[in-house]
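The values are calculated or read from the model by the stated rules, or taken from the named source; none is laboratory data. What you see is a predicted model, and the numbers here were worked out from it, not measured in a lab. Every residue, glycine among them, receives a Cβ derived from its backbone with ideal geometry; neighbour counts consider all protein chains shown. Note: accessible area is taken over every heavy atom of the protein model, side chains too, but ligands, DNA and RNA are not part of it. Shrake-Rupley method; radii C 1.70, N 1.55, O 1.52, S 1.80 Å.
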Amino acid sequence: MSSPDETIPLVVHTDTTPNPGNPALYTDNTPNSADSFPILTNSNRRNSWEMSREIYFFAFFPILLAVGILVLSSSIVTIGPGEVGVAITFGNAHRLEQGVNSVAPWVTHIERISTKTQKIESVNKVPTKEGLAVSLDLAIIYRIDPFKVVELVTTVGTDYAQILIE
């Protein structure tokens, strides 16, 4: 084992003087020398594990950062005003309030149900007892109870308006 400050010659030099750019790097100053190579000291060497650890860190850090951002962004759900969310995870449904909610990423399906007042209109031509055609305008105004939305989605489904009203 060599001491940390001991120099290890890579090439035998006839006249060595310190290189002004790097004092630990020595070069041969003889003119037209074809074998002019630096001599490295043990103090300049780095442990190969330290170098590979840094390389792995800088190579895999952007990948890990991208995966982390993807998981974080897919686990945050925003429910807008006038809406209630129904989170369905592995067949179990629960209600999500307005605002920012966190859910299990990639296994939770979110249904947004409007709790605003809605109106369905229809125009029907109906025959009377005398056989005349009468135009009947019908308007239904309804609103979903936000506390019963999970029961509505699990028993009827998300197309409740077509099933129950129309």
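For the list (1) surrounded by 12 or more Cβ atoms within 10 Å (Cβ to Cβ); (2) among the aliphatic types (A, V, I, L, M); (3) under 38 Å from the mean Cα position of the chain (by Cα), I need the number of the one condition that residue 120 fails.
(3)
Quick check: anything in the stretch 55-77 at positive phi, touching a strand residue (DSSP E or B) at 6+ places or on another chain (Cβ under 9 Å), open to solvent by less than 80 Å² (accessible area, probe 1.4 Å) and modelled with pLDDT of 75 or more?
Step one: filter the stretch 55-77 for residues at positive phi, giving none.
No, every residue in the stretch 55-77 fails to be at positive phi, touching a strand residue (DSSP E or B) at 6+ places or on another chain (Cβ under 9 Å), open to solvent by less than 80 Å² (accessible area, probe 1.4 Å) and modelled with pLDDT of 75 or more.
Just to be sure, is residue 107 at pLDDT below 90, touching a strand residue (DSSP E or B) at 6+ places or on another chain (Cβ under 8 Å), closer than 19 Å to residue 79 by Cα and loosely packed, with under 10 Cβ neighbours inside 10 Å? Lay out the reasoning, then the answer.
On the way: at pLDDT below 90: yes; touching a strand residue (DSSP E or B) at 6+ places or on another chain (Cβ under 8 Å): yes; closer than 19 Å to residue 79 by Cα: yes; loosely packed, with under 10 Cβ neighbours inside 10 Å: yes.
The answer is yes for residue 107.
So which pairs qualify, if the first residue must be in the stretch 63-87 and farther than 28 Å from residue 115 by Cα, the second must be outside any helix (DSSP H, G or I) and at pLDDT below 90, the Cβ gap must be under 6 Å, and the two must be at least 6 apart or on different chains?
What qualifies is 71/105.
I need a count of the residues in the stretch 89-104 that are part of a strand (DSSP E or B) and touching a residue at least 24 places away in the same chain (Cβ under 8 Å). Before the answer, list the steps.
The initial filter retains those residues of the stretch 89-104 that are part of a strand (DSSP E or B), namely 89, 92-96, 99-102.
Those still in the list that are touching a residue at least 24 places away in the same chain (Cβ under 8 Å) too: 93-95, 100-102.
Number of matching residues: 6.
Among what's in the stretch 152-166 and is hydroxyl-bearing (Ser, Thr, Tyr) and over 16 Å from residue 109 (Cβ atoms), pick the residue that is surrounded by the most Cβ atoms within 10 Å (Cβ to Cβ).
Narrowing the stretch 152-166 to residues hydroxyl-bearing (Ser, Thr, Tyr): 154-155, 158, 160.
Subsequent filtering for residues that are over 16 Å from residue 109 (Cβ atoms) retains 155, 160.
Values: 155: 9, 160: 16.
Result: 160.
Which ones in the stretch 105-146 are closer than 19 Å to residue 89 by Cα and assigned to a loop (DSSP other than H, G, I, E, B)? Working first, answer last.
Taking the stretch 105-146 as the starting set, the residues that turn out to be closer than 19 Å to residue 89 by Cα are 105-113.
105, 106, 107 - these are the residues of the stretch 105-146 that are closer than 19 Å to residue 89 by Cα and assigned to a loop (DSSP other than H, G, I, E, B).
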